[in-house]
Amino acid sequence: MNDITTLYKPQKLKPIRMNRVYIFIFIIMLSNIVSAQDFYDMNTVQTIKIVFSESNWDALLDAKKSGDESYLMAQSVSINEEVFDSVGVKYKGNSTYKASQKKNPFHIELDTYKDQDYDGYTDIKLSNVANDPSFVREVLSYQILRQYMDAPLSNYANVYVNGTLIGLYSSSEAVSKTFVKSHFGSKKNAFIKCNPPDGAGPGTSALPNLVYLGTDSSKYYSSYELQSDNGWNELINLCDTLTNKIEAVEKILDVDRALWMLAFDNALVNLDSYIGAFSQNYYLYRDDNGRFLPVVWDLNESFGRFSQAGTTSFNSTADKQKMSHLINATSSSYPLVKMLLSVPMYKRMYLAHLKTMMLENFDNQSYYTTGKSLQATIDAAVQADVNKFFTYANFTSNLTNDITSGMGPGTSATPGITKLMDGRSAYLLGLADFTNTSPSITDISLSDASPLINSNITVSGKVNNASAVYLGYRSNTEKPFTRIQMYDDGTHSDQTANDGIFSTSFNLEKALTQYYIYAENSNTGIFSPQRAEHEYYTISATTTDLPVGDLVINEFMASNQTTIADQDGEYNDWIEIYNNTTSLIDLSGYTLSDDAKDLIQWEFPAGTTIDAGGYLIVWADKDEEQTGLHANFKLSSTSGQIFLSDAIASLIDEVSYSTQTTDISYGRSPNGTGNFQTMASTFNGSNLQTNSIQSAQAIAAIKVYPNPATNYFYISGLDNSAASSKIVIYNTMGRIVFNDYVSEGASIDASQWTVGIYIVKAGNSTIKMMIKK
């Protein structure tokens, strides 16, 4: 067995598979990601300046807030000196907005009138910190939450209007279609904001608590706000499943993510949330797998600002310290809590998550260190904020001490954050549910440190004090984990029965597999890594390397009107792949693309093969629902590129082309090995050897060996003429790495070249080669 140490921590954007040739693309994309996250850097106060042409802008915004809540067009908005004109601005908020106050929360929408964004962001949500003397509740809470589930980025901004400083705001990433696309891979599915459209407050009876109200969608309208074109039926199905079909809940809800949300709200006494009086402030997005994914929103009341959880009131910091970790677990008004925790495994997972959160943030005081750092970052800005709702003394004090001034509705005081959480940590971690002996998981190992794709692998681990052990695994970040049992019976590659070594095996379908282990006993559970499913271990599988030229793009047609139709009678673009070898090639995990920035654009379905000397057609028609191989892109008839990559995203062939002629294909001649040229279509068959475009004059066939090479390689097939002995070699960026005259059999030094594919050209003859290290 081989020890495993690779732990994956998710980032904002979905992971990018890389290969040796296209690392430069990743570097460019990474710089964009870093730039985008700088806007929400917790250590920097951003500067946002709004300019309205109207001097009575405040009254106009107030009127819109009390009316149709439409946007007022700002003449300009500058973000850190980058200026945008014609921007939509409006006031937002419920309890934190008041027409009489100077500092109201803003919603800035950069693309209301023009297509523009700042580092990819179009919606900027600015909270006025009306109920938080410490100024850190929202930003600190999001920082803790992002360790365990996808959640908005958050930091601070000084906001000016028409040259006057309004004050310091917390700035949190909007849970928008941009957010769900970047985190969950799609944005067109059911998307629901779980807040009453008319707002919540004392006496509110419209609660987005996921209680099943029957099949009449109108009964849900006052409690939820649809952010998509449809979704009511899906929401009703979720509510019905929670209450009446809990055994099927994993098919419609990301249960692990929901458990993390409930654990977070409970740990931080965040009662302006699902577990509080109004059961609000979260979103539900239904992913492409049909599961709803919860996203927490609006954390300005976190750390005990609210005092109501259902019918229970917590009127003092001491009461909130000892709020039950199972609050609302028996209440039918909170089916997400009651029904999930009624399932023994889910309850044990919930206890494991809650304990992890307490140990990683509060028992070790790391939250206090972060809070102090945040206050140091914003200290000068808080002092300069003449419109803040508390004194500077309140600001410096509330990280540790209770504040009784400036209280809002539903609160009895503003707890000192450390006073609340130090006491809460001691209380929770002293309960039997957290002091009971839990399982332990150590010494995780794999049966093969360098497994092949489509091979079986065994995962093993040393587990103590467990009655059941499970492995969760998946081969796609946007897919659910598959949970299978691990055994210690001596028959599942686990060596000896009852020795504490649990094992299980599964097939590696893709180049990258993500996994975790979960163990439980009658009291509680534990994950490894402990932040699973948000974090996980990875297994990198490889494929047997194909020599360059064994599998090629052989022919394609980018403008097909009458030549050949697909199985549905449609004349679409097509790409022909050819196997130059004498063996069948498994294309599972191989990809095609027309975009250099996304080499894994379309993936061959698992089990796809191409026979020895065989041809395979892929229709480039952006219609994957049709029978057969249909890619999710179309070819441009003017100019473009096609890329073929293997299962570990290494580029194995590519072609660039200029304007194509309708019903004329572009293919290799000689078949499978030659240069590309225009030709009459030889769809799914051998290409013509010559045509009117190509001269019948023989072309010398150069050879490169060894191929792949490491430090040196040789070229043969040259003659003694200057034309054929002049060798030019390009990398895939199009840069010349070698340009000189070479004699037959001479060696070329490639010791300083980077790994990747290179194009060797001698006269009219071209060949591809690969450099490996």
Quotient of Cα Rg and 2.2 N^0.38 Å for the range 219-267, N being how many residues it contains: 1.30
Cα pair distances of the range 318-474 binned at 10 Å [whole percent]: 8, 24, 26, 21, 14, 7, 1
Where labels lie 7 Å past Cα in the beta-carbon direction, separation of T437 and T369 in nm: 3.3
Once V728 and N464 are pulled to full extension, the length gained, defined as 0.36 nm per residue separation minus their Cα-Cα distance, is 88.8 nm
Per q in 0.21, 0.31 Å⁻¹, report the Debye log10 I(q)/I(0) for the range 329-368, using one uniform scatterer on each alpha carbon and no solvent. -0.67, -0.90
May I ask for the angle, rounded to the nearest 10°, between helix 232-244 and the longest principal axis of the chain, with both axes built from Cα atoms and the value confined to 0 to 90°? 70
Separation between the L165 and K597 pseudo-spin-labels, each 7 Å from Cα along Cα→Cβ, expressed in nm? 3.8
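Please compute the net charge surrounding L428, taking Lys and Arg as +1 and Asp and Glu as -1 over other residues with Cβ under 11 Å from its Cβ.
Taking every other residue near L428 into account, the sum is +1.
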Shape call for the range 159-276 from the C-alpha gyration tensor, a ≥ b ≥ c root eigenvalues: rounded (a/c under 1.5), prolate (a/b greater than b/c) or oblate? prolate
Kindly identify the range 116-162 as rounded, prolate or oblate by the Cα gyration tensor criterion: order the square roots of the eigenvalues as a ≥ b ≥ c, call it rounded if a/c is under 1.5, otherwise compare a/b with b/c, prolate if a/b is larger, else oblate. oblate
Reachable lysines from K772, criterion Cα separation under 27 angstrom, eight or more residues apart if same chain: K510, K597, K703, K726, K761
Ratio of Rg to Rh over the range 547-693 (Cα coordinates, Kirkwood Rh, two decimals): 0.92
Cα centroid separation, the range 126-152 to the range 287-330 (Å): 15
Using a 7 Å offset from Cα along Cα-Cβ at N315, what residues in the range 246-272 end up with backbone N under 17 Å from the label point? none
Scan the range 548-586 for GluC sites (Glu not before Pro) in coil per DSSP, keeping those whose Cβ has at most 14 other Cβ atoms within 10 Å, and list them by number. E570
For A174, distant residues with modelled amide H under 5 Å away: K125
Projected onto their principal axes, the Cα atoms of the range 470-540 stretch, largest extent first, over whole-Å spans of 35, 28, 15
Helix 57-66 sits at what angle to the longest principal axis of the chain, using alpha carbons and giving 0 to 90 degrees rounded to 10? 80
Which cross-chain or sequence-distant (5 or more) residues have an amide H under 5 Å from the amide H of T609, H modelled 1.01 Å from N in plane? L587
Would you mind computing Rg(Cα) / (2.2 N^0.38 Å) for the range 575-645, counting N as its residues? 1.10
Computed ³J(HN,Hα) along the range 474-485: with the Karplus parameters 6.51/-1.76/1.60, θ = phi - 60°, integer Hz and x for glycine or proline, the list is 7, 10, 8, 4, 8, 9, x, 6, 8, 9, 10, 7
Built amide H within the under 5 Å cut-off of I727, gap 5+: D740, Y741, V742
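Want the number for D379 to D489: 0.36 nm per residue separation, take away the alpha-carbon distance, what's left?
Values: separation 110, 0.36 × 110 = 39.60 nm, distance 6.02 nm.
The span from D379 to D489 would gain 33.6 nm if fully extended.
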So what J values fall out for the range 460-472 if you push phi through Karplus, 6.51 cos²θ - 1.76 cosθ + 1.60 with θ = phi - 60°, rounded to Hz, Gly and Pro as x? 10, x, 7, 10, 10, 6, 10, 9, 8, 9, 10, 10, x
Using r as the Cβ-Cβ distance of T404 and D111, and R0 as 35 Å, what FRET efficiency do you calculate, to the nearest 0.05? 0.20
What's the angle, to the nearest 10 degrees (0 to 90), between helix 23-38's Cα axis and the longest principal axis of the chain? 20
For the chain, what % of the accessible area comes from carbon and sulfur atoms, probe 1.4 Å? 48
Mind grabbing the base-10 log of I(q)/I(0) for the range 251-370 at q = 0.10, 0.13, 0.16, 0.23 Å⁻¹? Debye formula, identical points on the C-alpha positions, no solvent, two decimal places. -0.30, -0.51, -0.77, -1.50
So what does the Cα-only Debye profile of the range 504-571 read at q = 0.21, 0.25, 0.27 Å⁻¹, as log10 I(q)/I(0), no solvent term? -0.98, -1.12, -1.18
For the range 640-653, Karplus-derived ³J(HN,Hα) couplings (6.51, -1.76, 1.60; θ = phi - 60°; whole Hz; x for glycine and proline) come out as x, 9, 10, 10, 10, 10, 7, 6, 10, 6, 8, 5, 10, 6
Here the convex hull volume per residue of the chain, taken over Cα atoms and given in Å³, is 195
Once both labels are modelled 7 Å past Cα along the beta-carbon direction, what's the A612-L60 spacing in nm? 7.7
Hydrodynamic radius by Kirkwood, which averages 1/r over all alpha carbon pairs of the range 625-667, in angstrom: 12.4
With the alpha-carbon atoms as the only input, what is the per residue convex hull volume for the range 528-625 in Å³? 155
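Could you tell me what fraction of 2.2 N^0.38 Å the Cα radius of gyration of the range 303-409 comes to, as a two-decimal ratio?
It is 1.38.
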Compute the projected area of the convex hull of the Cα atoms of the range 98-232, averaged over all viewing directions, and report it in nm² to one decimal place. 11.2
Shape call for the range 170-211, from the Cα gyration tensor axes a ≥ b ≥ c (a/c under 1.5 means rounded, otherwise prolate when a/b beats b/c, else oblate), comes out oblate
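The values are calculated or read from the model by the stated rules, or taken from the named source; none is laboratory data. What you are looking at is a predicted structure, and each value in this text was computed from that prediction instead of being measured. Positions of Cβ are generated from backbone atoms using ideal geometry, with glycine treated the same way; all protein chains shown enter the neighbour counts. The protein model used for the area step is the full one, side chains on, heavy atoms only, and it has no ligands, DNA or RNA in it. Shrake-Rupley method; radii C 1.70, N 1.55, O 1.52, S 1.80 Å.
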